[in-house]
Every structure is written in C-alpha cells, then in structure tokens.
C-alpha cells in the first residue's frame, strides 16, 4: 500500500492496479462515460481520509485535482515513474514527431487553498456569481454532454447567480 497527501490535504492510501483495472481502462463504453476512471479509482482506493474502503460516492465527491493526482500516483505505483510520450506537431506543414520522457515523480503539485467556493460580480449586471471547483460528479455531467467544451466546463462550476 502507498500513502499520499492529496492536493486538498486529504490522506489517500492506494494499492496498485491489477489486471481487472487495466481491463476497465480498455472498455471504450466505460471510458467514454467516465465510469472506467471512477471504477478504477474506487477499486484502488484503500483508504480516503478516515474512511477505509471508500465507496463510489466518496470517489465522485473528490475535487478534480485530487482525482487527477490520484490517477497519476496510481499510474506511478503500478507502472513506474517514467512515461514515454510520442508527440506529433499539429501543424500540417510540419507533423514532426517528438519523443519525450516524463518522470512523474518530478511533476510539481500545487495544493488547493482553503477556499472551495469563489464569488465574482458580473461587470454588466452587477450580479454575484458563486462558483466552485470541479469534482467527479461535475466531471460526469460534463462527460455526458454531447459536445463538452471549455465554456460548458466553466458553466458547470457555477453554484448560483
């Protein structure tokens, strides 16, 4: 078992992925719906905070940054620190391929601040907008949209106006 502190400050204990989790990550239907990631996290979370064997609801309530951190650490403990990437230039006149090795241990992690909600006054209407971070539930709603984009990702974070 491996213990980490999530960016939100919660302690997480993880176990390595098994063939069952790797198989989940090859199921295209589960990947498109986002359920593959949720189930892999649920299966590999041994302890989350004070909760042993956390349920899917607790996994879904985690902030997106915590979920991403968990996935990176899970990849690291299951398959090693280094990730080999093959990146192609998007410029149609170039299309050059670059090979990059990323060491996951060297990735900088920025902890979340104390605030979980933020307020902003709209310049035109002067109405106050309250918004928060994405969590697994909002990620799932976003994934269910026909064509998710940055605008819908921002709008889904709004708590009230």
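Rule-based calculations on the coordinates, nothing more; no lab input. Because the structure is a prediction, the values reported are computed rather than measured. Neighbour counts run over all protein chains shown; Cβ positions are idealised from the backbone, glycine included.
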Roughly what would the spin-label model give for residue 114 and residue 146, points 7 Å off Cα along C-beta, in nm? 4.5 nm
What share of all Cα pairs of region 52-146, in percent, falls into each consecutive 5 Å distance bin? 3, 9, 12, 14, 14, 17, 13, 9, 7, 3, 0
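Return the ratio Rg/(2.2 N^0.38 Å) for region 2-80, where Rg is computed over Cα atoms only. Please list the in-between numbers first.
Details: Rg = 11.7 Å, N = 79, 2.2 N^0.38 = 11.6 Å.
Taking N as the residue count of region 2-80, the ratio is 1.01.
Taking every pair of distinct Cα atoms and averaging 1/r, then inverting, what Kirkwood hydrodynamic radius in Å comes out for the chain? Spell out each step's value before the answer.
Details: mean 1/r = 0.0558 Å⁻¹.
One decimal place: 17.9 Å for the Kirkwood radius.
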Among 111-119, 55-63, what's the highest-first ranking by average C-beta atoms within 10 angstrom per residue? 55-63, 111-119
Defining a contact as two alpha carbons under 8 Å apart and six or more residues distant in sequence, what relative contact order in percent does the chain show? 20 percent
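So what is Rg over Rh here for region 99-161, counting just Cα atoms and using Kirkwood for Rh? The partial results should precede the final answer.
Working: Rg = 16.0 Å, Rh = 14.4 Å.
Ratio value, two decimals: 1.11.
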Using a Gaussian network model of the chain whose springs link C-alpha atoms within less than 10 Å, name the residue from 36, 128, 93 with the highest mean-square fluctuation. 93
